[in-house]
Amino acid sequence: MLPAEIIFGLTGVGLFTLGLRATLLHGSLLARILAINVCGAGVFLMFVSIAYQGAAAMPVPDPVPHALVLTGIVVAVSATALALALGRRLRESADE
Amino acid sequence: MNALLWTLLDLLLAAMLLGLGWAAVATRDLKRGVALFIAFGLLLALAWARLRAPDLALAEAAIGAGLAGALLLAALRDEPRHEKLAAAHSRAGLWTLNLLSVLLAVVVAWALLCALEMGEGLRLAGAVTDHIGQSGVSNPVTAVLLNFRAYDTLLELAVILSAVLGVLALGPARRGYGLPGPVLGGLIRWLVPLLIVTAGYLLWVGAHAPGGAFQAGATLAAAAVLLRLGGVDRAGLPAAAVSRWLLAAGLLVFLGVGLSLAGLGYGFLQYPAGLAGGLILVIESAATLSIAVALALAYVGGWSRSGSTQPDSTQGGSH
């Protein structure tokens, strides 16, 4: 059977690449911000897959990558908020 | 049989994640893309639960899918006209990009498989399990965040603070929402107190079970988002002067505890035995309030104009 860490790890690789490709491809700022969030989710998925490896033998999976990804989720949403605010300001100055 | 069933479920979840992720970034309609992204975040929370990371599942559902989705939707509302999604690309450029993407995917997949192949390698999981008794909490993720790698979390709070200061510096609040209909209004009256109680529970339970400051802060921020959608322009935030202090409280308390311990000769953020649990709870409580205020302010988009309680008043115009 295919282990879960390989399935989800490769899903992470897929999400990372398609997010990155879309970030480069799109013209609209909002679409780019959305795509970079998908890209980040792929990175998180790879991290947590590595943490999960061999978890059947352990009481809990490796908590260190979990803590890093938790930090990452919160930082990603703050960065998204800042990027959206920058985008709004840009549009407002373009309208003037 | 059991293993086969697990694999099938894993493959199904993975395929849905990839499909939703693809659809969210490939669609020509931004509104659709954001809706798909929220669904993607919820499925990602399921994937975290599957990979035995319940702390992440809680955070993803509240922050990744919930607040990020709310932020994107609010930004979408500001969008005056629908911009063209894809910039014009030449055929050759598109093919080069596709080729490079596939190459990158192969290289990263190879690196990941090599890392998985290495097996246990150098892991810190053992060190965490060995020392968790001295950390003051029994949830390993909280122990890593607030004790073993407390520097990371301290600096993370600084990152959140600077991001929100950036948002605040860039302009006034977005225009507010009108008064809700009876159904949404009733729902908000029920949900907001429930969310506040849940946040308190998550903060307390984080010491020994999945939960903690980030999840609790995000839940409080969700209550603020709901209030704003219900026509409360300030989203339940206290006056600006108080909000400013709350915004900085997490970082200040964290630094204060660290420096006091350094002054007492324990070393920066080296908690003395016996006091660790209490100190972590103090830091987490302050961090919860800061994270909640930060995320709520990020959603509101800036300080509300003073005294303006009229929804959809003059705030929408170009400034």
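The values are calculated or read from the model by the stated rules, or taken from the named source; none is laboratory data. Keep in mind that what you see is a predicted model, and the values were worked out from it rather than measured. Because the Cβ atoms are built from the backbone with ideal geometry, glycine has one as well, and the counts that use them run over all protein chains shown. Heavy atoms of the whole protein, side chains included, go into the accessibility calculation; ligands, DNA and RNA do not. Shrake-Rupley method; radii C 1.70, N 1.55, O 1.52, S 1.80 Å.
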Filtering segment B:134-149 for residues that are open to solvent by less than 10 Å² (accessible area, probe 1.4 Å) and closer than 14 Å to B:G274 by Cα leaves a count of 1
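Looking for whichever is outside any loop (DSSP other than H, G, I, E, B) and more than 26 Å from B:G267 (Cβ to Cβ) here; the options are B:A143, B:A163, B:A173. Which one fits? It would help to see each step written out before you state the result.
On the way: B:A143 fails: more than 26 Å from B:G267 (Cβ to Cβ); B:A173 fails: outside any loop (DSSP other than H, G, I, E, B).
Only one candidate passes the filter, namely B:A163.
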Please indicate, with yes or no, whether at least one residue in segment A:42-49 is buried (at least 24 other Cβ atoms within 10 Å of the Cβ), of a type in the set (S, T, N, Q) and in a helix (DSSP H, G or I). yes
Residues B:G217, B:G267: which one is touching a helix residue (DSSP H, G or I) at 6+ places or on another chain (Cβ under 8 Å) and either without any contact (Cβ under 8 Å) to a residue 12 or more places away in the chain or of a type in the set (V, I, T) (or both)? B:G267
In segment B:98-130, anything at pLDDT below 90 and either part of a loop (DSSP other than H, G, I, E, B) or surrounded by 13 or more Cβ atoms within 10 Å (Cβ to Cβ) (or both) is listed as B:A115, B:L116, B:M118, B:G119, B:E120, B:G121, B:L122, B:R123, B:L124, B:A125, B:V128, B:T129
Suppose we filter segment B:214-237 for residues that are in a loop (DSSP other than H, G, I, E, B) and open to solvent by 50 Å² or more (accessible area, probe 1.4 Å); how many remain? 3
For segment B:251-288: of the residues being among the aromatic types (F, W, Y) and open to solvent by 40 Å² or more (accessible area, probe 1.4 Å), which is farthest from B:D152 (Cα to Cα)? B:Y266
Yes or no: B:A75 in contact (Cβ under 8 Å) with a residue 12 or more places away in the chain, in a helix (DSSP H, G or I) and either within 29 Å of A:R89 (Cα to Cα) or within 14 Å of the chain's Cα centre (by Cα) (or both)? no
Suppose we filter A:T23, A:T11 for residues that are under 17 Å from B:L72 (Cβ atoms) and either in contact (Cβ under 8 Å) with a residue 12 or more places away in the chain or among the hydroxyl-bearing types (S, T, Y) (or both); which single one remains? A:T23
With respect to A:R21, determine if the residue is in a helix (DSSP H, G or I) and touching a Ser or Thr at 6+ places or on another chain (Cβ under 9 Å). yes
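Answer yes if at least one residue in segment A:23-39 is farther than 24 Å from A:A85 by Cα, at pLDDT 90 or above and open to solvent by 20 Å² or more (accessible area, probe 1.4 Å), and no otherwise.
No: segment A:23-39 contains no residue that is farther than 24 Å from A:A85 by Cα, at pLDDT 90 or above and open to solvent by 20 Å² or more (accessible area, probe 1.4 Å).
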What's the number of the only condition in (1) in contact with a Phe, Trp or Tyr (Cβ under 9 Å, 6 or more places away or on another chain); (2) outside any loop (DSSP other than H, G, I, E, B) that B:L4 fails to meet? (1)
Give me a count of the residues in segment B:112-170 that are under 26 Å from the mean Cα position of the chain (by Cα) and small (G, A, S). 11
For residues in segment A:8-22 being open to solvent by less than 10 Å² (accessible area, probe 1.4 Å) and facing chain B (nearest Cβ under 7 Å), which is farthest from B:L20 (Cα to Cα)? A:G9
Taking segment B:182-209 as the region of interest, how many residues are open to solvent by 40 Å² or more (accessible area, probe 1.4 Å) and not in a helix (DSSP H, G or I)? 1
Pick from segment B:30-50, criterion touching a residue at least 12 places away in the same chain (Cβ under 8 Å) and among the charged types (D, E, K, R), ranking: nearest to B:G211 (Cα to Cα): B:R50
